[in-house]
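Working notes for the structure below.
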Amino acid sequence: MKTPIVTAAAFTLITAATAALSASAQPYQQPYPEPREQTRHETRFCDSLALFHGDAEAFRALGPHAPESAVRETARRVRDDADHVRDAASSMQTPAARDFDHAAERLRTDYDSTRENVSRRQSREMLQSDVQNLRAAAHQLAVESNCPRS
C-alpha cells in the first residue's frame, strides 16, 4: 500500500490557509456585557424604585383591619413615590416605562376619587388593585433598567 505524498506546493497551500483562518478568528466575547458603573441619573432612578418598593410593600402588609387613615396615608406615600419614579424615568421610551406611567396615573386617579361616592371597602379594593398593578409594572421596569436593589 502506497502512502500519499504531500507535495511542497500542497503543504504551502495548507499552511497558508491555516494561518489565514487563525488570523481572521474573532476573540471570545462574553454573552453579556461587563457590568458598568451607574450614572448619577441611573442611581437616582434606582433609588426612587427602591423607595417605591419599600412603601408598596408596606401597603401590601396592611391587614384587613387597618384603619382607613393608615390605608390612605400609605397609599399616598406609594403614589408620591410613583411620581418620583415617573420623573426619573421620563426619558425612557420603553413599553415597561409606559406601563408604569399608566399604572401610576391610574393610582393617582383612583386615590383622588376614593372619597367620592365609594365605600371604604371599595376604596381599599381599588387602591390594593392599583398598587398591585403598579408593583408589577415597577418590577418590569427594574428588570429592564438593571436596577440591583429593586
Open item on the list: Looking at (1) at pLDDT 90 or above; (2) not in a helix (DSSP H, G or I), which one does E105 not meet, given that it meets all the others?
Closed with: (2)
Task: Residue satisfying all of: in region 115-139; at pLDDT 80 or above and acidic (D, E); farthest from D101 (Cα to Cα) among these - done: E125
TODO: Tell me which of these Q38 doesn't satisfy, since it passes every other one: (1) over 23 Å from R106 (Cβ atoms); (2) modelled with pLDDT of 85 or more; (3) surrounded by 13 or more Cβ atoms within 10 Å (Cβ to Cβ).
DONE: (2)
- [ ] Filter region 75-125 for residues that are of a type in the set (D, E), without any contact (Cβ under 8 Å) to a residue 40 or more places away in the chain and more than 19 Å from E42 (Cβ to Cβ) and give the result.
- [x] D80, E105, D110, D112, E116, E125
TODO: Determine whether S129 is among the small types (G, A, S), out of contact with any Cys (no Cβ under 8 Å at 6 or more places or on another chain), assigned to a helix (DSSP H, G or I) and without any contact (Cβ under 8 Å) to a residue 24 or more places away in the chain.
DONE: yes
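Scan region 97-127 residue by residue and report those that are hydrophobic (A, V, I, L, M, F, W, C) and farther than 19 Å from T39 by Cβ.
Kept after step one, since they are hydrophobic (A, V, I, L, M, F, W, C), are these residues of region 97-127: 97, 100, 103-104, 107, 118, 126-127.
If the condition is that a residue be hydrophobic (A, V, I, L, M, F, W, C) and farther than 19 Å from T39 by Cβ, then F100, A103, A104, L107, V118, M126, L127 are the ones that fit.
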TODO: All but one of (1) modelled with pLDDT of 90 or more; (2) surrounded by fewer than 16 Cβ atoms within 10 Å (Cβ to Cβ); (3) farther than 19 Å from S129 by Cα hold for L51, so report the exception by its number.
DONE: (2)
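The values are calculated or read from the model by the stated rules, or taken from the named source; none is laboratory data. Given the structure is predicted, the values throughout are model-derived calculations rather than measurements. Note: ideal-geometry Cβ built from the backbone for every residue, glycine included; neighbour counts use all protein chains shown.
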